[in-house]
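The values are calculated or read from the model by the stated rules, or taken from the named source; none is laboratory data. All figures in this text were calculated on a predicted structure; none of them were measured in a lab. Cβ placement follows ideal geometry from the backbone for every residue including glycine, while neighbour counts extend to all protein chains displayed. SASA here: full protein model, heavy atoms, side chains in, ligands and nucleic acids out. Shrake-Rupley method; radii C 1.70, N 1.55, O 1.52, S 1.80 Å.
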Amino acid sequence: MSGAISTMSPETVPVAGGSARWALATHSRYLTMQSVRALLRQPFFVAISLVQPMIWLLLFGELFKRVAELPGFGASSYIDFLIPGIIVMNVLFGASWSGMTFIEMIGQGTMDRMLTTPLKRGALIIASLAYNSITIVVQTAIIFLVGWPLGATYTAPGILVSLAATILLTGAFCSISNAYALVLRSREALIGLSIMLALPLSFLSSALMSQGAAPDWIRSVSRFNPVDWAVVASREALSGSPDWGAVWAHLGYLAVIALLLGYLATRAFGSYQRSI
Amino acid sequence: MINAAGLVKEYGKVRALDGLSLDVEPGTVFGLLGPNGAGKSTTVKILTTLSRATSGTAHVAGLDVTKFPDKVRRVIGCVPQQTSVDPAATGRENLNLQGALYGLRRAALKTRTDQLLTRFGLTDAANRPSRTYSGGMQRKLDVAMGLIHHPRVLFLDEPTTGLDPEARAEMWTELTHLAAEERMTILLTTHYLEEADKLASRLAIVDRGKVVATGTPDDLKNELHGDAITIDLADTATIPQARALLARIATEVTSSGRSLRARVSDGATAIPAVLAALDSAGIPVASVSVARPSLDDVYLRYAGRSFADAEGVAA
């Protein structure tokens, strides 16, 4: 039987569904919906996710209130200065954990099951980015809302650019986290590496401290820091007279790094499959 | 339908598969029997495109699993060793997602999902998160998910491991029906001798990453020179005479107490002859029983150790 059948042309196998791109979109949509439904079934978790950004804003707002008085700080209103920073840090500490879902799926066996179906690997990454972007956008909206009675001023283009920057940064950090998860397959290692990445990157940026008040070397390093790109894009767009060239440039850098990391994360499935 | 030749899989220095070959005819239920750690799951992982062999080739439905993994994935259904339903999603959602991955849409997807929920008696539980299911129900959902796209080849990796005896018996009934109803080729791995005996029409016995014997369960057992018969005599005094008589009809005659044991090629036809011989010699018989050789005997012969011992080593 093997002799006769193994020469059978592979084209004789019926191909379900439409084109590959259509399958990628559909698979991503189904996977995202599955995650959103699972989240909504855990009201406690939803509540924590909603409260967390408020805590960020209120705690940091109080703690760093008087930094704006530092010589060379530059910004006049600390709350206006802080909001883009909080938005971006919220992304870091949310998206960095997205790989946990992959580790959980590997543990549950759902990952291996999916990898034996015609599922597009990219759809697992896209769905993870989409799901995390949804939560991050809701959390960002909460930060904007809570900041308003505290005296923050916004512009519509500023809010849109901030949301775009957070989504792109979410894409980058989810991808790193997912790739870690597929390569390391260990919660502990993922937690360690995520913290080792998120903390330095936020301190080596202008998220909480104006570049004018930061040491020179931090200023130089932060120019290559995606976290700083997101902060700069958001802060610049929300400012009274935005430098749109700088805004678009920083959004562009973010898009490039997000796409690159998303591609690498998709490639990490190969590493995972070689190990099993 | 499934063909593997010289599969080798190495994890670092550990050799999980050591030249495993097998050939599964279309429409059969093929059992891969072996103790834990024999290489059954590794074989399934390679055949289902999850893992890659270090060397050797494998074809499923005529397709090379290394060259055309995407095409292989469309024609196979896979029920992994571990129950792998999404616990946060309901039974219906699990089936819907699985169907969507194969390109099933709307009406077709709904029809098929309803059909499988009914088929496996999960309709009442369909809208509950699957984490609330019993182990047996989760496993049924698992099998249903593997069937959603009418696969041509179904892989069942240890389908009843971890189930209680009642759920196991129920699953066996389901799988027996399945094999009869759907014209599918099924490859089943198990470390339960009874399960292999009950479900598989052909078996490959796997030990230390190799197939050590193949055949139908009956063929394999027949190779052990037939059935064991046990005769309990009414009177111990007649033992020597009975032994002599029995030795003319059967082989490997042994006695202990009032019991005589012997091996015959076919127990059912040998018994009347044995009884007639004893009766004409005037030897009263208390009881007679026939036992088919078990797969445990078969395993012992080919692997050189008892199945229970091999499991002990693996664990």
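Against chain A, whose longest principal axis is taken from its Cα atoms, helix A:43-63 shows a tilt of about 30°.
Distance from the Cα centroid of the stretch B:7-35 to that of the stretch A:222-245 is 57 Å (rounded to whole angstrom). When the Gaussian network model of chain B links Cα atoms closer than 10 Å, the mean-square fluctuations of B:T83, B:T254, B:T161 top out at B:T254. Principal-axis analysis of the Cα atoms of chain B puts helix B:267-280 at an angle of about 10° to the longest axis. Partner lysines whose Cα lies under 19 Å from the Cα of B:K221, excluding those fewer than 8 positions away in the same chain, are identified as B:K198. Once a ≥ b ≥ c are taken as the square roots of the eigenvalues of the Cα gyration tensor of the stretch B:2-221, is the result rounded (a/c under 1.5), prolate (a/b larger than b/c) or oblate (a/b not larger than b/c)? The shape class here is prolate.
A simple spin-label model places the labels of B:D164 and B:A237 5.4 nm from each other, with each point 7 Å out along Cα-to-Cβ. The alpha-carbon of A:K65 sits under 16 angstrom from the alpha-carbons of these aspartates and glutamates, leaving out residues fewer than 8 places away in its chain: A:D80.
When accessible surface is computed with a 1.4 Å probe, chains B and A are found to bury approximately 3700 Å² between them, both chains counted. A probe of 1.4 angstrom, applied to the heavy atoms of all protein chains, finds A:F224 with accessible area near 150 square angstrom.
Quick one: if the Förster radius is 35 Å, what FRET efficiency do B:T254 and B:K198 give, using the C-beta to C-beta distance and rounding to 0.05?
Details: r = 30 Å, r/R0 = 0.85.
With a Förster radius of 35 Å, E is 0.75.
When the helices of chain A are scored as -39500 (n - 2.57) per DSSP H run of n ≥ 4 and the total is divided over every residue, the value at 222 nm lands at -25000 deg cm²/dmol. What FRET efficiency would be calculated for the residue pair A:A249, A:A47, taking the C-beta separation as r and a Förster radius of 41 Å, to the nearest 0.05? For R0 = 41 Å, the calculated efficiency reads 0.60. What residue among A:I143, A:S271, A:L261 has its Cα farthest toward the positive end of the dipole of the stretch A:17-275, where the charges are +1 on Lys, Arg and -1 on Asp, Glu, each on the Cβ? Checking the options against the dipole of the stretch A:17-275, the answer is A:S271. Using a probe of 1.4 Å on the protein chains alone, the accessible area found for B:K198 is around 120 Å². Accessible area per residue for the protein assembly as shown is 44 Å², calculated with a 1.4 Å probe on protein heavy atoms, without ligands, DNA or RNA. Summarising the label geometry, the points placed 7 Å from Cα in the beta-carbon direction at B:S55 and A:A213 lie 6.7 nm from one another. Rounded to the nearest 5, the antiparallel percentage of DSSP beta bridges internal to the protein assembly as shown is 65%. Report, in whole Å, the centroid distance computed from the Cα atoms of the stretch B:164-196 and the stretch A:28-79. Cα centres, the stretch B:164-196 to the stretch A:28-79: 52 Å. With each label modelled as a point 7 angstrom along the Cα→C-beta vector, the A:A156-A:V67 pair spans 3.2 nm.
Rounded to the nearest 500, what is chain B's calculated 222 nm mean residue ellipticity when only DSSP H runs of at least 4 contribute -39500 (n - 2.57) each, over all residues?
On the way: 12 runs with 125 residues, N = 315.
The helix-only estimate for chain B comes to -12000 deg cm²/dmol at 222 nm.
The alpha carbon centroids of the stretch B:64-82 and the stretch B:202-241 are separated by 37 Å. Charge dipole of chain B (Cα centre as origin; +1 on each Lys and Arg Cβ, -1 on each Asp and Glu Cβ, all else neutral): 1200 debye, rounded to the nearest 20.
Find how much the distance from B:S287 to B:A273 grows on full extension, using 0.36 nm per residue of separation minus their present alpha carbon separation; answer in nm with one decimal.
On the way: separation 14, 0.36 × 14 = 5.04 nm, distance 1.48 nm.
Stretched out fully, the B:S287 to B:A273 stretch lengthens by 3.6 nm.
If Lys and Arg each add +1 and Asp and Glu each add -1, what is the summed charge of the other residues whose beta carbon sits under 14 Å from the beta carbon of A:G158? Don't jump to the answer; show the numbers that get you there.
Working: positive: A:R235; negative: A:D80, A:E236, A:D243.
Its environment carries a net charge of -2.
Distance from a point 7 Å along Cα→Cβ of B:T176 to each backbone N in the stretch B:110-151: keep the residues under 19 Å and list them by number. Inside the label zone: B:119-121, B:140.
By the Cα gyration tensor, the stretch B:214-313 has an equivalent ellipsoid whose semi-axes, rounded to whole angstrom, run 30, 15, 10 from largest to smallest.
Taking a point 7 Å from the Cα of A:L59 along the Cα-to-Cβ direction, the residues of the stretch A:133-153 with backbone N closer than 18 Å to it are A:139-140, A:142-144, A:146-147.
For the stretch A:108-198, which whole percent of the accessible surface, found with a 1.4 angstrom probe, sits on carbon and sulfur atoms?
C and S fraction of accessible area: 78 percent.
Set the Cα radius of gyration of the protein assembly as shown against 2.2 N^0.38 Å, with N its number of residues, and you get 1.31.
Looking only at chain B, where both bridge partners belong to it, what percent of the DSSP beta bridges are antiparallel (to the nearest 5)?
Details: 37 of 55 bridges.
Once the DSSP bridges in chain B are tallied, antiparallel ones form about 65 percent.
Calculate the dipole size of the protein assembly as shown relative to its Cα centre from +1 charges on Lys and Arg beta carbons and -1 charges on Asp and Glu beta carbons; express the result in debye to the nearest 20. Each step should come with its number before you reach the end.
Values: 52 positive and 47 negative charges, 258 e Å.
Once rounded to the nearest 20, the dipole reads 1240 debye.
In degrees, nearest 10, range 0 to 90: what is the angle between the Cα axis of helix A:98-108 and the longest Cα principal axis of chain A? On a 0 to 90 degree scale, this one is about 30. Here the Gaussian network model covers chain B, with springs between Cα atoms less than 10 Å apart; of B:G34, B:G136, B:G12, B:G12 fluctuates the most. Residue-wise HN-Hα couplings along the stretch A:109-121, as the Karplus relation 6.51 cos²θ - 1.76 cosθ + 1.60 with θ = phi - 60° gives them from phi, are x, 5, 5, 4, 4, 5, 6, 9, 9, x, 3, 6, 4 Hz; Gly and Pro carry x. Give the shape of the stretch B:253-302 as rounded, prolate or oblate, defined through the alpha-carbon gyration tensor: a ≥ b ≥ c are the square roots of its eigenvalues, a/c under 1.5 means rounded, and otherwise the shape is prolate if a/b is larger than b/c and oblate if not. Because a/c hits 1.5 or more and a/b exceeds b/c, the stretch B:253-302 counts as prolate. Backbone amide hydrogens, once placed in the peptide plane, bring B:S255 within less than 5 Å of B:R261, excluding anything fewer than 5 places away on its chain. Counting heavy atoms of the protein chains alone, A:V221 has an accessible area of about 60 Å² for a 1.4 Å probe.
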